[in-house]
Amino acid sequence: MSIEMAARSLDEDLLARELGNWRTSSASGPAYSGLADAIRLLIVDGRVPVGSRLPSERALADALRVSRTTVTAAFTQLREDGYLLARRGARSIAALPPRPEARPAEPAAGANVSLAAAAMSAPSGAVLEAFAAATRDITPYLGETGLDPTGVCALRTAVAQRYCERGLPTDPGQIMITSGAQHAIGLILAAFTEPGDRVLVEQPTYHGALSAISTARARAVPVSLADDGWELDAMHAAIRQLAPSLAYLIPDNHNPTGFTMPADERIRLGHIISDTRTRTVIDESIMDMWMNEAPPAPLAATVARRDLVLTVGSMSKSFWGGLRVGWIRAERHTLATIAAIRPSVDLGTPILEQLTAARLLEQRDEVLAERRGLLRTRRAYLLDLLARRLPDWQPGPGPNGISLWVKLPAPMSTALSASASRLGLDLPAGPRFGVDGTLERFVRVPYALPEAALEEAVDLMARAWGSITGAVEPESHAVVV
């Protein structure tokens, strides 16, 4: 447990709100047992961060309007089960009990389906045409070195124009082209964090960002998403207490939950960023992948201190991951800081791919409309499959993005992933998308694959779930969409 995490204290009123109607779980037992069960689930699901300090017994009892004896007994049970750590004279600290080391699963021969990447295959016709045009566009660049840490003007201009159209005035000098969003996140971390620095993240969040934070030797500190989106009170409290060097957020078609932050909440978040002077990375990699309604204006447009916001975008989800083209939108002096350290990482993004990306952005409306149509169909197909084959699984309410964030009937995500791997299905466990081993009751299921692949994947998931739970699967029926 890190010192940084131990320094975080939970507000009793926020914890009481998270606990909700916890008394219903104690209908067949004592009240303290129901309270202990409710707190345990919050810890397992990552809603109470591991390493954070719970309120005092007296303060929580007052907030819940129960006797202190009830809270004391609940805390005692949680300590005995390994979910709380206690020191004399100090508040109890949320923890997870140690788990036995899992034996690495060896994939079986036969089926080989991957749900590890939430990404679609390329719109081949459009990509081929764009590459063909780019081979003609590249001629003027052949007399130069081809090494440019900011990117070719044609693409920076196209990206800047998109931001202008979405309500965020931007010029090409505020754009740096990168080799994908992951590369952009790594550059930002290299420029603005030191080893040991705290980086605020949502829980759950994009696993690639967590890997980048770890690689930078920084510390991810989580703020849990609620069942319907963001808890801005909790986020504000965490920023005040921890003073993170950086925040990393995904307000558009959130990966993995599919939530999109409403316009009024963006305004409030913008005030929080400005008031606390927290440098914030806004990841818009999945911004184009909405189902029925486009996201509001970019969050940077709501922030008075725009120098605090760095917006990351990418071609990977919208068009094709094989392009490896992304960007950072920020103020010029911010990009200058990144440009100064970039030569230690790489010398620029390939020119041909940049010119191809610029051509694709010219036809984005037509291409993206078609891809969103495919995602709608595949999402409906996957939901129908899960309802038939795994009816106890609960897909989350987030309507956008490229995946479902599914709640399992029991905290067995890692076991499910291992069982699926033995059957030939690559299915990342829920804890991969969080901090400190929580989120065992969740699994991310992308719907970017064609229908036949989704059907095979759900079949393997159902078999894997049955093998670890002994559950009898409902009779399978053909799915018609």
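The values are calculated or read from the model by the stated rules, or taken from the named source; none is laboratory data. Nothing here was measured: the structure is a model prediction, and the numbers come from that model. Here Cβ is always computed from backbone atoms with ideal geometry, including for glycine, and neighbour counts include all displayed protein chains.
Observations on the model:
- Test result for Asp346, part of a loop (DSSP other than H, G, I, E, B), of a type in the set (D, E, K, R) and under 23 Å from Gly173 (Cβ atoms): yes
- Search result, residues across segment 419-430 that are in contact (Cβ under 8 Å) with a residue 40 or more places away in the chain and within 29 Å of Trp320 (Cα to Cα): Ala420, Ser421, Leu423, Gly424, Leu425, Asp426, Leu427, Pro428, Gly430
- Helices (runs of 4 or more DSSP H) fully within segment 46-159 that include at least 1 residues being closer than 30 Å to Gly258 by Cα and at pLDDT 90 or above: 124-137.
- Residue in segment 349-368 that is farthest from Asp137 (Cα to Cα), counting only those that are more than 26 Å from the chain's Cα centre (by Cα) and part of a loop (DSSP other than H, G, I, E, B): Gln363
- Scan of segment 391-416 for residues that are more than 21 Å from the chain's Cα centre (by Cα) and under 17 Å from Glu440 (Cβ atoms), ordered by number: Asp392, Pro409, Ala410, Ala415
- Filter pass, Glu231 being more than 27 Å from Arg332 (Cβ to Cβ) and at pLDDT 95 or above: no
- All positions within segment 369-411 that are without any contact (Cβ under 8 Å) to a residue 24 or more places away in the chain and part of a helix (DSSP H, G or I): Ala369, Gly373, Leu383, Ala387
- Positions within segment 216-250 being part of a helix (DSSP H, G or I) and β-branched (Val, Ile, Thr), in sequence order: Ile239
- Residue that is buried (at least 24 other Cβ atoms within 10 Å of the Cβ) and out of contact with any Gly (no Cβ under 9 Å at 6 or more places or on another chain), where the choices are Ala209, Ala226, Ala184, Ala234: Ala209
- Checking each residue in segment 143-171 for being out of contact with any Pro (no Cβ under 9 Å at 6 or more places or on another chain), closer than 19 Å to Gly348 by Cα and either of a type in the set (Phe, Trp, Tyr) or free of Cβ contacts under 8 Å to residues at least 60 places away in the same chain (or both) picks out Gly143, Glu144, Thr145.
- Residue selected from segment 442-456 under the condition assigned to a helix (DSSP H, G or I) and more than 22 Å from the chain's Cα centre (by Cα), by the criterion surrounded by the most Cβ atoms within 10 Å (Cβ to Cβ): Glu455
- Some residue of segment 307-315 being in contact with a strand residue (DSSP E or B) (Cβ under 6 Å, 6 or more places away or on another chain) and part of a loop (DSSP other than H, G, I, E, B): no
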